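First up is the structure itself, then whatever we jot down about it.
The values are calculated or read from the model by the stated rules, or taken from the named source; none is laboratory data. Remember, predicted model here, so these are calculated numbers, not experimental data. Cβ placement follows ideal geometry from the backbone for every residue including glycine, while neighbour counts extend to all protein chains displayed. Ligands, DNA and RNA are excluded from the accessible area calculation, which covers all protein heavy atoms including side chains. Shrake-Rupley method; radii C 1.70, N 1.55, O 1.52, S 1.80 Å.
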Amino acid sequence: MRKFKIGIIGTGAITGKHADAINEIENAELVALCSSSPERAKAAQDKFGIDTYSDVSAFLTHPELDIVCICTASGHHMEAGLLAAKAGKHLLIEKPIEINLTRADRLISACEENGVKLGVIFQNRFSADYLKLKAAVQEGRFGKLLMGNAHVNWYRVPEYYSSSPWKGTLEGDGGGAFMNQGIHTFDLLLDIMGDVKSVFAKVKTSLHPIEGEDLGAALMTFENKALGNITASTALYPGLPERLEIFGKCGSAVLEAGKLIQWSIQGEEPEPIVTDTNAGSGAADPMAIGHALHKAQWKHYLNALKNDEPVLVEGNMARKSVELIRAIYKSSELEREVELPFLDHA
Ligand SMILES: NC(=O)c1ccc[n+]([C@@H]2O[C@H](COP(=O)([O-])OP(=O)(O)OC[C@H]3O[C@@H](n4cnc5c(N)ncnc54)[C@H](O)[C@@H]3O)[C@@H](O)[C@H]2O)c1
(Lines give C-alpha, C1' and ligand atoms only; values in the text may rest on other atoms or scores of the structure.)
Protein backbone atom coordinates (compact mmCIF):
# COMPACT_ATOMS: atom_id res chain seq x y z
CA MET A 1 0.00 0.00 0.00
CA ARG A 2 1.28 3.45 -0.89
CA LYS A 3 1.79 5.53 2.23
CA PHE A 4 1.43 9.30 2.25
CA LYS A 5 4.59 10.82 3.73
CA ILE A 6 3.86 13.72 6.08
CA GLY A 7 5.98 16.43 7.69
CA ILE A 8 4.88 18.83 10.44
CA ILE A 9 6.10 22.40 10.90
CA GLY A 10 5.86 23.51 14.54
CA THR A 11 6.59 21.20 17.45
CA GLY A 12 4.40 22.62 20.21
CA ALA A 13 1.35 21.37 22.11
CA ILE A 14 -0.90 20.34 19.19
CA THR A 15 1.83 18.52 17.24
CA GLY A 16 1.57 15.44 19.50
CA LYS A 17 -2.14 15.04 18.62
CA HIS A 18 -1.25 15.01 14.92
CA ALA A 19 1.62 12.58 15.46
CA ASP A 20 -0.66 10.22 17.44
CA ALA A 21 -3.37 10.45 14.77
CA ILE A 22 -0.97 9.87 11.86
CA ASN A 23 0.69 6.91 13.62
CA GLU A 24 -2.69 5.17 13.82
CA ILE A 25 -3.50 5.55 10.11
CA GLU A 26 -2.43 2.69 7.86
CA ASN A 27 -1.58 4.66 4.73
CA ALA A 28 0.17 7.56 6.50
CA GLU A 29 3.66 8.02 7.89
CA LEU A 30 5.18 10.96 9.76
CA VAL A 31 8.66 11.38 8.24
CA ALA A 32 9.90 14.85 9.24
CA LEU A 33 9.46 17.73 11.66
CA CYS A 34 10.50 21.37 11.63
CA SER A 35 10.82 23.74 14.57
CA SER A 36 11.75 27.41 14.60
CA SER A 37 14.82 26.99 16.81
CA PRO A 38 17.69 24.46 16.77
CA GLU A 39 17.09 23.72 20.49
CA ARG A 40 13.42 22.87 19.96
CA ALA A 41 14.31 20.88 16.83
CA LYS A 42 16.77 18.82 18.87
CA ALA A 43 14.16 18.24 21.61
CA ALA A 44 11.63 17.14 18.95
CA GLN A 45 14.19 14.81 17.33
CA ASP A 46 14.81 13.18 20.73
CA LYS A 47 11.07 12.83 21.37
CA PHE A 48 9.85 11.62 17.97
CA GLY A 49 13.02 9.99 16.58
CA ILE A 50 12.54 11.19 12.99
CA ASP A 51 14.33 13.70 10.72
CA THR A 52 13.98 17.15 12.29
CA TYR A 53 14.94 20.54 10.85
CA SER A 54 15.12 24.09 12.18
CA ASP A 55 14.75 25.73 8.77
CA VAL A 56 11.58 25.44 6.66
CA SER A 57 13.42 25.55 3.28
CA ALA A 58 15.74 22.72 4.36
CA PHE A 59 12.76 20.74 5.72
CA LEU A 60 11.02 21.07 2.34
CA THR A 61 13.97 19.36 0.60
CA HIS A 62 13.19 16.14 2.50
CA PRO A 63 13.04 13.62 -0.37
CA GLU A 64 9.81 11.88 0.66
CA LEU A 65 7.40 14.64 1.69
CA ASP A 66 3.92 14.59 0.09
CA ILE A 67 2.02 16.61 2.69
CA VAL A 68 2.99 19.42 5.05
CA CYS A 69 0.96 20.03 8.21
CA ILE A 70 1.38 23.50 9.72
CA CYS A 71 1.18 23.71 13.53
CA THR A 72 3.05 26.97 14.14
CA ALA A 73 1.69 30.07 15.84
CA SER A 74 -1.49 31.06 13.97
CA GLY A 75 -0.01 34.29 12.61
CA HIS A 76 2.88 32.36 11.05
CA HIS A 77 0.88 29.85 9.02
CA MET A 78 1.16 31.88 5.82
CA GLU A 79 4.95 32.11 5.43
CA ALA A 80 5.49 28.37 5.85
CA GLY A 81 2.40 27.62 3.74
CA LEU A 82 3.58 29.74 0.80
CA LEU A 83 6.95 27.97 0.76
CA ALA A 84 5.34 24.53 1.01
CA ALA A 85 2.80 25.25 -1.75
CA LYS A 86 5.58 26.53 -4.01
CA ALA A 87 7.47 23.30 -3.34
CA GLY A 88 4.37 21.37 -4.54
CA LYS A 89 3.39 19.98 -1.12
CA HIS A 90 -0.25 19.41 -0.17
CA LEU A 91 -1.22 21.33 2.96
CA LEU A 92 -3.24 20.58 6.06
CA ILE A 93 -3.12 23.65 8.32
CA GLU A 94 -4.22 24.02 11.93
CA LYS A 95 -7.04 26.48 12.65
CA PRO A 96 -7.37 29.35 12.08
CA ILE A 97 -6.23 29.27 8.45
CA GLU A 98 -4.51 32.58 9.26
CA ILE A 99 -5.22 35.57 11.47
CA ASN A 100 -6.60 37.93 8.83
CA LEU A 101 -8.19 37.77 5.39
CA THR A 102 -5.28 39.22 3.42
CA ARG A 103 -2.99 36.48 4.72
CA ALA A 104 -5.64 33.75 4.33
CA ASP A 105 -6.29 34.81 0.73
CA ARG A 106 -2.56 34.70 -0.13
CA LEU A 107 -2.43 31.13 1.16
CA ILE A 108 -5.57 30.06 -0.72
CA SER A 109 -4.27 31.61 -3.99
CA ALA A 110 -0.82 30.00 -3.62
CA CYS A 111 -2.40 26.56 -3.19
CA GLU A 112 -4.62 27.10 -6.25
CA GLU A 113 -1.71 28.37 -8.36
CA ASN A 114 0.51 25.43 -7.41
CA GLY A 115 -2.22 22.79 -7.76
CA VAL A 116 -1.94 21.52 -4.18
CA LYS A 117 -4.86 20.54 -1.92
CA LEU A 118 -5.47 22.82 1.05
CA GLY A 119 -7.34 21.60 4.11
CA VAL A 120 -7.78 23.33 7.47
CA ILE A 121 -8.15 21.47 10.77
CA PHE A 122 -11.56 21.92 12.36
CA GLN A 123 -11.74 18.48 13.93
CA ASN A 124 -15.14 19.05 15.60
CA ARG A 125 -16.73 18.81 12.13
CA PHE A 126 -16.04 15.08 12.37
CA SER A 127 -17.82 14.26 15.64
CA ALA A 128 -20.63 11.73 15.10
CA ASP A 129 -23.14 13.90 16.97
CA TYR A 130 -22.29 17.00 14.96
CA LEU A 131 -22.69 15.04 11.72
CA LYS A 132 -26.09 13.78 12.90
CA LEU A 133 -27.19 17.37 13.68
CA LYS A 134 -25.96 18.70 10.34
CA ALA A 135 -27.70 15.93 8.38
CA ALA A 136 -31.01 16.57 10.19
CA VAL A 137 -30.80 20.33 9.47
CA GLN A 138 -30.03 19.61 5.80
CA GLU A 139 -33.00 17.23 5.60
CA GLY A 140 -35.18 20.08 6.91
CA ARG A 141 -36.24 18.16 10.03
CA PHE A 142 -35.92 21.24 12.26
CA GLY A 143 -37.79 23.35 9.69
CA LYS A 144 -36.81 26.88 8.77
CA LEU A 145 -33.91 27.98 10.96
CA LEU A 146 -34.79 30.77 13.42
CA MET A 147 -31.74 31.10 15.63
CA GLY A 148 -28.24 29.66 16.03
CA ASN A 149 -26.01 30.35 19.04
CA ALA A 150 -22.44 29.46 19.92
CA HIS A 151 -21.06 29.83 23.45
CA VAL A 152 -17.41 29.19 24.26
CA ASN A 153 -17.22 30.41 27.85
CA TRP A 154 -13.83 28.95 28.72
CA TYR A 155 -11.07 29.56 31.22
CA ARG A 156 -7.30 29.54 30.81
CA VAL A 157 -4.78 29.64 33.66
CA PRO A 158 -2.23 32.50 33.45
CA GLU A 159 0.53 30.01 32.46
CA TYR A 160 -1.36 29.24 29.27
CA TYR A 161 -0.39 32.68 28.01
CA SER A 162 3.02 32.97 29.68
CA SER A 163 4.28 29.60 28.37
CA SER A 164 3.50 30.31 24.67
CA PRO A 165 4.36 33.99 24.28
CA TRP A 166 2.52 34.31 20.92
CA LYS A 167 -0.84 33.39 22.45
CA GLY A 168 -3.13 36.35 23.00
CA THR A 169 -0.91 38.66 20.92
CA LEU A 170 -2.23 40.50 17.88
CA GLU A 171 0.73 39.47 15.71
CA GLY A 172 0.88 35.79 16.69
CA ASP A 173 -2.74 34.94 17.57
CA GLY A 174 -4.62 37.68 15.69
CA GLY A 175 -6.61 38.40 18.87
CA GLY A 176 -7.65 36.23 21.79
CA ALA A 177 -10.62 34.09 22.82
CA PHE A 178 -12.53 34.59 19.54
CA MET A 179 -9.69 33.92 17.05
CA ASN A 180 -8.06 31.13 19.05
CA GLN A 181 -10.71 29.32 21.10
CA GLY A 182 -14.20 30.37 19.94
CA ILE A 183 -13.42 29.79 16.27
CA HIS A 184 -14.02 26.01 16.52
CA THR A 185 -17.66 26.45 17.51
CA PHE A 186 -18.18 29.49 15.25
CA ASP A 187 -17.05 27.30 12.34
CA LEU A 188 -19.75 24.75 13.22
CA LEU A 189 -22.35 27.51 13.58
CA LEU A 190 -21.53 28.91 10.13
CA ASP A 191 -21.53 25.43 8.61
CA ILE A 192 -25.09 24.88 9.87
CA MET A 193 -26.63 28.36 9.68
CA GLY A 194 -24.91 29.63 6.52
CA ASP A 195 -23.36 33.03 5.88
CA VAL A 196 -23.71 36.02 8.23
CA LYS A 197 -25.19 39.26 6.89
CA SER A 198 -24.30 41.59 9.75
CA VAL A 199 -22.88 41.61 13.25
CA PHE A 200 -22.88 43.88 16.27
CA ALA A 201 -20.24 43.00 18.85
CA LYS A 202 -18.35 44.04 21.94
CA VAL A 203 -15.03 42.45 22.90
CA LYS A 204 -12.73 43.38 25.78
CA THR A 205 -9.72 42.27 27.79
CA SER A 206 -11.00 41.64 31.31
CA LEU A 207 -8.65 39.29 33.19
CA HIS A 208 -5.46 38.24 31.39
CA PRO A 209 -2.62 40.67 30.61
CA ILE A 210 -2.89 40.07 26.84
CA GLU A 211 -3.29 42.29 23.78
CA GLY A 212 -6.25 40.35 22.40
CA GLU A 213 -9.70 39.93 23.95
CA ASP A 214 -10.52 37.43 26.68
CA LEU A 215 -14.26 38.22 26.77
CA GLY A 216 -16.82 39.16 24.18
CA ALA A 217 -20.35 38.86 22.83
CA ALA A 218 -21.92 39.36 19.42
CA LEU A 219 -25.39 39.51 17.93
CA MET A 220 -25.70 38.35 14.33
CA THR A 221 -28.21 38.31 11.52
CA PHE A 222 -27.69 35.47 9.06
CA GLU A 223 -28.33 35.71 5.32
CA ASN A 224 -31.31 33.35 5.83
CA LYS A 225 -32.79 36.00 8.21
CA ALA A 226 -32.21 33.87 11.33
CA LEU A 227 -30.64 35.54 14.36
CA GLY A 228 -27.73 34.32 16.43
CA ASN A 229 -25.63 35.23 19.39
CA ILE A 230 -22.17 34.16 20.29
CA THR A 231 -19.99 34.58 23.35
CA ALA A 232 -16.37 33.58 23.86
CA SER A 233 -13.93 33.90 26.70
CA THR A 234 -10.83 32.53 28.39
CA ALA A 235 -11.60 34.47 31.59
CA LEU A 236 -14.64 32.60 32.94
CA TYR A 237 -13.52 30.23 35.69
CA PRO A 238 -13.81 27.24 35.74
CA GLY A 239 -14.63 27.12 32.01
CA LEU A 240 -17.94 25.62 30.82
CA PRO A 241 -18.28 23.06 28.01
CA GLU A 242 -18.75 24.84 24.67
CA ARG A 243 -22.34 24.86 23.33
CA LEU A 244 -23.89 25.03 19.89
CA GLU A 245 -27.66 25.71 19.95
CA ILE A 246 -29.80 25.35 16.84
CA PHE A 247 -33.46 26.40 16.81
CA GLY A 248 -35.81 25.84 13.87
CA LYS A 249 -39.58 26.29 13.45
CA CYS A 250 -40.09 22.57 14.16
CA GLY A 251 -37.56 21.86 16.87
CA SER A 252 -34.22 22.41 18.45
CA ALA A 253 -30.94 20.71 19.31
CA VAL A 254 -27.99 21.50 21.55
CA LEU A 255 -24.50 20.14 21.15
CA GLU A 256 -22.31 20.46 24.26
CA ALA A 257 -18.61 19.56 24.07
CA GLY A 258 -19.34 17.63 20.87
CA LYS A 259 -22.25 15.66 22.37
CA LEU A 260 -25.95 16.12 21.63
CA ILE A 261 -27.61 16.89 24.95
CA GLN A 262 -30.93 18.17 23.58
CA TRP A 263 -32.90 16.95 20.54
CA SER A 264 -36.63 17.65 20.08
CA ILE A 265 -38.54 17.71 16.81
CA GLN A 266 -42.30 18.36 16.78
CA GLY A 267 -44.29 15.38 15.50
CA GLU A 268 -41.35 12.98 15.68
CA GLU A 269 -40.97 10.25 18.29
CA PRO A 270 -38.30 11.23 20.84
CA GLU A 271 -34.97 9.76 19.78
CA PRO A 272 -32.58 8.40 22.36
CA ILE A 273 -29.62 10.76 22.45
CA VAL A 274 -27.00 8.10 22.11
CA THR A 275 -23.54 9.42 21.55
CA ASP A 276 -20.44 7.63 20.37
CA THR A 277 -18.48 10.84 20.60
CA ASN A 278 -15.86 11.34 23.26
CA ALA A 279 -14.22 14.42 21.89
CA GLY A 280 -13.45 16.02 25.26
CA SER A 281 -13.60 19.76 25.81
CA GLY A 282 -10.88 22.37 25.97
CA ALA A 283 -13.05 24.31 28.45
CA ALA A 284 -10.28 24.53 31.06
CA ASP A 285 -7.38 22.56 29.55
CA PRO A 286 -6.55 22.93 25.85
CA MET A 287 -4.99 19.49 25.66
CA ALA A 288 -7.98 17.64 27.16
CA ILE A 289 -9.29 16.98 23.64
CA GLY A 290 -7.83 13.58 22.66
CA HIS A 291 -6.78 12.89 19.07
CA ALA A 292 -9.71 10.84 17.71
CA LEU A 293 -11.24 13.72 15.76
CA HIS A 294 -7.87 14.84 14.37
CA LYS A 295 -7.48 11.26 13.18
CA ALA A 296 -10.93 11.36 11.55
CA GLN A 297 -10.04 14.59 9.72
CA TRP A 298 -6.67 13.19 8.61
CA LYS A 299 -8.39 10.07 7.22
CA HIS A 300 -10.88 12.21 5.32
CA TYR A 301 -8.12 14.46 3.96
CA LEU A 302 -5.95 11.52 2.82
CA ASN A 303 -8.96 9.91 1.17
CA ALA A 304 -9.70 13.16 -0.68
CA LEU A 305 -6.09 13.25 -1.88
CA LYS A 306 -6.09 9.62 -2.94
CA ASN A 307 -9.33 9.95 -4.93
CA ASP A 308 -8.78 13.57 -5.98
CA GLU A 309 -12.03 14.61 -4.27
CA PRO A 310 -12.94 17.89 -2.55
CA VAL A 311 -11.72 18.47 0.99
CA LEU A 312 -14.50 19.13 3.52
CA VAL A 313 -12.92 22.17 5.24
CA GLU A 314 -11.05 23.75 2.32
CA GLY A 315 -9.48 27.21 2.35
CA ASN A 316 -12.53 29.28 1.43
CA MET A 317 -14.71 27.51 4.00
CA ALA A 318 -12.06 28.01 6.71
CA ARG A 319 -11.85 31.68 5.69
CA LYS A 320 -15.49 32.28 6.73
CA SER A 321 -14.88 32.01 10.49
CA VAL A 322 -11.87 34.36 10.20
CA GLU A 323 -14.04 36.83 8.25
CA LEU A 324 -16.74 36.73 10.95
CA ILE A 325 -14.22 37.29 13.76
CA ARG A 326 -12.52 40.15 11.89
CA ALA A 327 -15.96 41.74 11.42
CA ILE A 328 -16.65 41.26 15.16
CA TYR A 329 -13.40 43.04 16.07
CA LYS A 330 -14.24 45.87 13.67
CA SER A 331 -17.78 46.20 15.07
CA SER A 332 -16.42 46.41 18.61
CA GLU A 333 -13.86 49.03 17.56
CA LEU A 334 -16.42 51.17 15.69
CA GLU A 335 -19.23 50.54 18.18
CA ARG A 336 -21.67 49.88 15.35
CA GLU A 337 -23.10 47.06 13.25
CA VAL A 338 -20.78 45.76 10.50
CA GLU A 339 -22.00 44.18 7.26
CA LEU A 340 -20.48 41.11 5.62
CA PRO A 341 -18.78 40.29 3.22
CA PHE A 342 -16.04 42.00 5.20
CA LEU A 343 -12.58 42.92 3.95
CA ASP A 344 -9.63 43.65 6.23
CA HIS A 345 -9.21 47.17 4.90
CA ALA A 346 -12.93 47.95 5.25
N1 LIG B 1 -7.27 22.00 16.60
C2 LIG B 1 -7.11 22.27 17.89
O3 LIG B 1 -7.89 21.86 18.75
C4 LIG B 1 -5.92 23.10 18.32
C5 LIG B 1 -5.51 23.10 19.67
C6 LIG B 1 -4.36 23.84 20.01
C7 LIG B 1 -3.71 24.61 19.06
N8 LIG B 1 -4.19 24.62 17.77
C9 LIG B 1 -3.51 25.44 16.74
O10 LIG B 1 -2.23 24.87 16.50
C11 LIG B 1 -1.27 25.91 16.27
C12 LIG B 1 -0.12 25.77 17.27
O13 LIG B 1 -0.64 25.85 18.58
P14 LIG B 1 0.11 25.17 19.83
O15 LIG B 1 -0.86 25.24 20.95
O16 LIG B 1 0.68 23.87 19.43
O17 LIG B 1 1.25 26.26 20.07
P18 LIG B 1 2.66 26.10 20.82
O19 LIG B 1 3.06 27.45 21.28
O20 LIG B 1 2.60 25.00 21.82
O21 LIG B 1 3.61 25.65 19.64
C22 LIG B 1 3.85 26.45 18.51
C23 LIG B 1 5.04 25.89 17.79
O24 LIG B 1 5.28 26.64 16.61
C25 LIG B 1 6.65 27.01 16.60
N26 LIG B 1 6.74 28.24 15.86
C27 LIG B 1 6.28 29.45 16.21
N28 LIG B 1 6.55 30.33 15.23
C29 LIG B 1 7.17 29.62 14.26
C30 LIG B 1 7.71 29.94 12.98
N31 LIG B 1 7.64 31.20 12.53
N32 LIG B 1 8.26 28.96 12.24
C33 LIG B 1 8.34 27.69 12.69
N34 LIG B 1 7.86 27.34 13.90
C35 LIG B 1 7.30 28.29 14.65
C36 LIG B 1 7.05 27.13 18.03
O37 LIG B 1 8.43 27.00 18.17
C38 LIG B 1 6.33 25.94 18.62
O39 LIG B 1 7.04 24.76 18.41
C40 LIG B 1 -2.04 27.23 16.37
O41 LIG B 1 -2.41 27.65 15.09
C42 LIG B 1 -3.26 26.87 17.18
O43 LIG B 1 -4.38 27.68 16.89
C44 LIG B 1 -5.24 23.87 17.40
Carbon plus sulfur fraction of accessible area for the stretch 98-210, probe 1.4 Å, in percent: 55
What's the extension gain from residue 42 to residue 166 if we count 0.36 nm per residue and subtract their Cα-Cα distance? 42.5 nm
For the chain, accessible area per residue (1.4 Å probe, heavy atoms of protein chains only), Å²: 43
Reported to two decimal places, what Rg/Rh ratio describes the stretch 201-277 when computed on Cα atoms with Rh from the Kirkwood expression? 1.08
Dividing the alpha-carbon radius of gyration of the stretch 159-198 by 2.2 N^0.38 Å, where N counts its residues, gives 1.45
Using +1 on the beta carbon of Lys and Arg, -1 on that of Asp and Glu, and nothing else charged, what's the dipole of the stretch 292-346 about the Cα centre, debye to 20? 340
Once both label points are put 7 Å beyond Cα along the C-beta direction, the residue 2-residue 285 separation in nm becomes 4.1
Divide by every residue of the chain the summed helix terms, -39500 (n - 2.57) for each DSSP H run of at least 4, and state the resulting mean residue ellipticity at 222 nm, rounded to the nearest 500 deg cm²/dmol. -10000 deg cm²/dmol
Between helix 292-306 and the chain, what is the angle of the helix's C-alpha long axis to the longest principal axis, kept within 0 to 90° and rounded to the nearest 10? 70
In whole Hz, what ³J(HN,Hα) sequence does the stretch 321-332 give by Karplus (6.51, -1.76, 1.60; θ = phi - 60°), x for Gly and Pro? 5, 5, 4, 4, 5, 4, 5, 4, 4, 5, 4, 5
Putting +1 on Lys and Arg Cβ atoms and -1 on Asp and Glu Cβ atoms, find which of 136, 152, 172 reaches farthest to the positive end of the dipole of the stretch 103-174. 136
Excluding same-chain residues fewer than 8 positions from residue 5, which lysines have a Cα within less than 23 Å of its Cα? 17, 42, 47, 86, 89, 95, 117, 295, 299, 306
Quantify, in whole percent, the carbon and sulfur part of the accessible surface of the stretch 1-92 (1.4 Å probe; protein heavy atoms only). 50
Length gained, residue 225-residue 131, 0.36 nm per residue minus C-alpha separation, equals 31.5 nm
Of 338, 303, 328, which is farthest on the positive side of the dipole of the stretch 299-346, counting Cα position, with +1 on Lys and Arg Cβ, -1 on Asp and Glu Cβ, and the Cα centre as origin? 303
Counting other Cβ atoms within 10 Å, which GluC sites (Glu not before Pro) in the stretch 170-259 have at most 15 and lie in a DSSP loop? 211, 223
As an exercise, use a Förster radius of 22 Å and the Cβ-Cβ distance of residue 237 and residue 261 to find the FRET efficiency, rounded to the nearest 0.05. 0.50
Compute the normalised compactness of the chain: alpha-carbon radius of gyration over 2.2 N^0.38 Å, N being the residue count. 0.97
Once Rh for the stretch 1-107 is found with the Kirkwood sum over Cα pairs, what is the Stokes-Einstein diffusion coefficient at 25 °C and 0.890 mPa s, in µm²/s? 178
Can you tell me what percent of all Cα-Cα pairs in the stretch 109-223 are more than 20 Å apart? 55
For the stretch 219-346, shape from the Cα gyration tensor axes a ≥ b ≥ c, cut at a/c of 1.5 then a/b versus b/c, turns out rounded
Please list 56, 322 in order of solvent-accessible area, largest first, computed with a 1.4 Å probe with all protein chains present. 56, 322
Could you tell me the center-to-center distance, by alpha carbons, between the stretch 117-143 and the stretch 1-42 in angstrom? 27
